[in-house]
1. At 7 Å along the Cα-to-beta-carbon direction for both Gln101 and Phe38, put a label point, then send me their distance in nm to one decimal.
2. Step through the residues of the stretch 79-91 one at a time and calculate ³J(HN,Hα) from phi using the Karplus curve (6.51 cos²θ - 1.76 cosθ + 1.60, θ = phi - 60°), rounding each to whole Hz and writing x for Gly and Pro.
3. Pop out the ³J(HN,Hα) list for the stretch 56-69 in order, Karplus 6.51 cos²θ - 1.76 cosθ + 1.60 with θ = phi - 60°, rounded to Hz; leave Gly and Pro as x.
4. Could you give each residue of the stretch 119-132 its phi-based ³J(HN,Hα) in whole Hz, using Karplus coefficients 6.51, -1.76, 1.60 with θ = phi - 60°, and x for Gly or Pro?
5. Please check which bits of the stretch 72-108 a label hung off Ala55 would reach, taking the label as a point 7 Å along Cα-to-C-beta and the cut-off as backbone N under 16 Å.
6. Within the accessible area of the stretch 28-132, what % is carbon and sulfur when the probe is 1.4 Å and the other protein chains stay in place?
7. Cα gyration tensor of the stretch 44-123, axes a ≥ b ≥ c as square roots of the eigenvalues: rounded (a/c below 1.5), prolate (a/b > b/c) or oblate?
8. What FRET efficiency, computed as 1/(1 + (r/R0)^6) with R0 = 35 Å and r the Cβ-Cβ distance, is obtained for Tyr75 and Asn109, rounded to the nearest 0.05?
Amino acid sequence: MKKTISALLMAGLLSVLSASFFAAPASAASCKSRTSGFPGKWGPVSNECEYTSPASGWDGKLNITWNVQADTNQYACVEARHGNAANPEKWQSLGCGTRGQGEIRWPKNNASKVEVRVRSGNAHMANVDYSI
């Protein structure tokens, strides 16, 4: 009986340790948000996500993925930028369609908000979920 309990405890401990060892990579989404755009016109800027880049070993790019609402015929164009309040970057395209991903320039050792905007490519509004 003691051996069985010990074996079960050991198996549980190994399960917990292996789950934390093989956890999602650092590139997993650190923030998710949503914004909308209008036909032929940029919608309001979403700046709900913040990101702090490391001081070293940073390649200077932040990856952003996005998609329109599922099971709709929405089509969107998405742009993003490093939202430095004093001197914001130029808008950088993340593409057009129903989903996509792209990279924006992001300096090392920098904390700031990510700004995202959307323009609908249809006759109706486009709602976009994005994550960094």
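The values are calculated or read from the model by the stated rules, or taken from the named source; none is laboratory data. Quantities reported herein were computed from a predicted structural model and do not represent experimental measurements. For neighbour counting, all protein chains shown are included, and Cβ atoms are generated from backbone atoms with ideal geometry for every residue, glycine included. Accessible surface is based on the protein model in full, side chains and every heavy atom, while ligands, DNA and RNA are left aside. Shrake-Rupley method; radii C 1.70, N 1.55, O 1.52, S 1.80 Å.
1. 3.3
2. Residue by residue, the stretch 79-91 yields 10, 8, 7, 6, x, 4, 4, 6, 8, x, 5, 6, 5 Hz.
3. For the stretch 56-69, the Karplus curve yields 9, x, 9, 8, x, 9, 10, 8, 10, 10, 8, 7, 6, 4 Hz.
4. 10, 6, x, 10, 8, 10, 5, 10, 10, 10, 8, 9, 8, 10
5. Taking a point 7 Å out along Cα→Cβ of Ala55, the residues of the stretch 72-108 whose backbone N falls under 16 Å are 108.
6. Ligands and nucleic acids excluded, carbon and sulfur reach 45 percent.
7. Cα axes put the stretch 44-123 in the prolate bin.
8. 0.40
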